[in-house]
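These notes are about the structure you will find just below.
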Amino acid sequence: MKFSLPNKYKLIILGIIVFYPLFSSAGGISYGKIVSQSTDSFVLQYGQVGNPDFYNCIVSDLSCRDVGKTRPKLPTDEIIGTVPRFTFTTSSIWKNNVHTRNFYLTDTKNRKTYTRSYKLSSWDTLGDEGTIVAFSQDEKRMVYQDDSSGYPVLYTLDLTTLKGKIFKGIKLFAKPTTVSGFTFTGANSLYFVSNKASAYEWNLYKYDFKKKTTSIIAENVSYALKMRKFNDGILFFVIQGSSSFPEFYNESTDEVGKFSGILPSGVIETVVEKDISLGGGMHGVLMTPENFDKKLPHQLVIWLHGGPYRQTSLGYHSYASYAVYDLILNKMVENNVVVFKLDYSGSYGYGVKFAESILKNVGKGDVADVISSLKKIEKDMSISNAYLMGNSYGGYLALRSIVAYPKKFSGAISINGVTDWGTLLNDMQN
């Protein structure tokens, strides 16, 4: 798909190299990740995006020590893995234009395999953040993700009652919601990250199988990094301002603890953000300056994420690369620009139907979403000029939208945007 833009309209096409200084030394953004783990310790890579340090961290006393730029070795008390009784694999097969999902549950002790199959239309919403199945420590219960109902929700299965050749679990929660990661501790405690409260509220929850209760453990949790189990509880990452760092939930004390030796970013944002529903399951985040007067004319930037199977965020994003763009957008707002971060058709976190609404609709339905969001904002406030800005697929959508509606936008910024689908698909067969 090739197109050209009339010269009279402003257009800025930026490769990622333009933003490289921000990636290599993103001042004010401090994100972390665990690079290795043992029984009671882990090595954390944390600090300014593009220039982090390594830390030796001890879970039992919630301490981290900065050891500089050289990755340290862990103590010798590495966790010794055991051979599990049950294994779980999946396959997703296209045949004669039919998409079938297959689950295979194997009992290695009895050498039996149980299966579950169901048909999907097109989209694969399982395992995007890497978790599809979890087993309780006593190997009597399995929890797995299944999107046959239209959302990647959780099902539970009693492994002590397996019969025949087919297994079928019980849906854990009635409400459709997206779960991005989950794990067991013990026999009855399941921890999971979900946006069950609202589109952009990703929190850590605990489900107690014995009490059949769900409780919230921590708010504003990153879904980009997996939870990790230690002897006394669960380690996870939270987003605070422009920082993403580990915290630990101690099951015995029922408390969330912070690690000493880690300093979150001191950046204080003067930005007001609000989750906006646009109807049809579509959401976006409206960013305005403090003391914003909607009667006064403002410039508007509509931000379009990549993917398209990605989601924007309230505050800084779970992905460090997206957080750099959030930094740029925040600076725009601090300079009196209104920003709207749109989750157009195909975005993550809203179920299969919304994701699949982009199929055979590229350059049409997504462009219509951009225009409907523009109309919504212009109805609610005074806009002098509107601009588009996006990365990857969002960069393509910025270009496609300004070509389709050149009179509605004063310019577009495309960061690594697709301009020739044929070339892209030929060069990137995956």
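Residue-level check: of (1) touching a helix residue (DSSP H, G or I) at 6+ places or on another chain (Cβ under 9 Å); (2) more than 20 Å from GLN299 (Cβ to Cβ), SER392 misses just (1).
Which condition does ILE383 not pass, out of (1) surrounded by 20 or more Cβ atoms within 10 Å (Cβ to Cβ); (2) of a type outside the set (D, E, K, R); (3) closer than 15 Å to PRO297 by Cα; (4) touching a Pro at 6+ places or on another chain (Cβ under 8 Å), if it passes all the others? Answer for ILE383: the failing condition is (1). Considering (1) open to solvent by 10 Å² or more (accessible area, probe 1.4 Å); (2) within 27 Å of SER198 (Cβ to Cβ); (3) β-branched (Val, Ile, Thr), the lone condition that VAL333 does not fulfil carries the number (1). Being over 26 Å from THR125 (Cβ atoms) and modelled with pLDDT of 95 or more is a condition met by at least one residue of segment 300-320. The one condition from (1) in contact (Cβ under 8 Å) with a residue 24 or more places away in the chain; (2) open to solvent by 20 Å² or more (accessible area, probe 1.4 Å) that GLY411 does not meet is (2). Residue count for segment 44-61 satisfying the condition of being of a type in the set (Val, Ile, Thr), in a strand (DSSP E or B) and buried (at least 21 other Cβ atoms within 10 Å of the Cβ): 1.
Okay, residues lined up against (1) closer than 15 Å to LYS168 by Cβ; (2) in contact (Cβ under 8 Å) with a residue 40 or more places away in the chain; (3) of a type in the set (Ser, Thr, Tyr):
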site	(1), (2), (3)
VAL83	no, no, no
PHE86	no, yes, no
THR125	no, yes, yes
GLN137	no, yes, no
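Here segment 24-37 is the region considered, the condition is being in a strand (DSSP E or B) and at pLDDT below 90, and the residue that is most open to solvent (accessible area, probe 1.4 Å) is GLY27. Assessment of segment 115-124 against the conditions (under 22 Å from PHE182 (Cα atoms) and open to solvent by less than 30 Å² (accessible area, probe 1.4 Å)) yields no matching residue. Can we say VAL67 is part of a strand (DSSP E or B), at pLDDT 60 or above, surrounded by 15 or more Cβ atoms within 10 Å (Cβ to Cβ) and of a type in the set (A, V, I, L, M)? Judged against the criteria, VAL67 is not a match. So, TYR200, is that one touching a Ser or Thr at 6+ places or on another chain (Cβ under 7 Å), under 30 Å from LYS112 (Cβ atoms), modelled with pLDDT of 95 or more and open to solvent by less than 30 Å² (accessible area, probe 1.4 Å) or not? It is false that TYR200 is touching a Ser or Thr at 6+ places or on another chain (Cβ under 7 Å), under 30 Å from LYS112 (Cβ atoms), modelled with pLDDT of 95 or more and open to solvent by less than 30 Å² (accessible area, probe 1.4 Å). Per the listing VAL339, VAL333, VAL352, the residue uniquely over 27 Å from PRO152 (Cα atoms) and touching a Phe, Trp or Tyr at 6+ places or on another chain (Cβ under 7 Å) is VAL339. Kindly indicate whether VAL256 is of a type outside the set (Phe, Trp, Tyr), farther than 30 Å from ASP61 by Cα and open to solvent by 50 Å² or more (accessible area, probe 1.4 Å). Judged against the criteria, VAL256 is not a match. Against the test of being open to solvent by less than 60 Å² (accessible area, probe 1.4 Å), of a type in the set (Phe, Trp, Tyr), modelled with pLDDT of 90 or more and farther than 30 Å from GLY307 by Cα, the options PHE135, PHE182, PHE173 yield a single qualifying residue, PHE135. Taking residues in segment 38-50 that are within 13 Å of SER242 (Cα to Cα) and at pLDDT 95 or above, and partners anywhere that are outside any loop (DSSP other than H, G, I, E, B) and open to solvent by 40 Å² or more (accessible area, probe 1.4 Å), the pairs with Cβ atoms closer than 9 Å and at least 6 places apart or on different chains are TYR46/LYS33; TYR46/ASP66. Here TRP421 clears all of (1) under 16 Å from LEU304 (Cα atoms); (2) touching a helix residue (DSSP H, G or I) at 6+ places or on another chain (Cβ under 9 Å) except the condition numbered (1). Those residues that are under 17 Å from VAL179 (Cα atoms) and among the charged types (D, E, K, R), I need them from segment 203-221; list them, please. LYS206, ASP208, GLU219, listed by residue number. Residues in segment 70-91 that are at pLDDT 85 or above and among the polar types (S, T, N, Q): THR70, THR87, THR89, THR90, SER91. Out of GLY307, GLY284, one residue alone is of a type in the set (Gly, Ala, Ser), within 20 Å of SER382 (Cα to Cα) and either in contact with a Ser or Thr (Cβ under 7 Å, 6 or more places away or on another chain) or buried (at least 16 other Cβ atoms within 10 Å of the Cβ) (or both). It is GLY284. Put simply, of PHE236, PHE230 the only residue that is closer than 16 Å to TYR205 by Cα and crowded, with 19+ Cβ neighbours inside 10 Å is PHE236. Look at segment 151-178: where a residue is under 16 Å from LYS112 (Cα atoms) and a partner is surrounded by fewer than 14 Cβ atoms within 10 Å (Cβ to Cβ) and among the β-branched types (Val, Ile, Thr), sitting 6+ places away or on another chain with Cβ atoms under 7 Å, you get LYS165/THR115; ILE166/THR115.
The values are calculated or read from the model by the stated rules, or taken from the named source; none is laboratory data. None of these values were measured; they are calculated from a predicted model. Positions of Cβ are backbone-derived with ideal geometry, glycine not excepted, and every protein chain shown enters the neighbour counts. We work out accessible area using only protein heavy atoms, side chains counted, and drop any ligands, DNA or RNA first. Shrake-Rupley method; radii C 1.70, N 1.55, O 1.52, S 1.80 Å.
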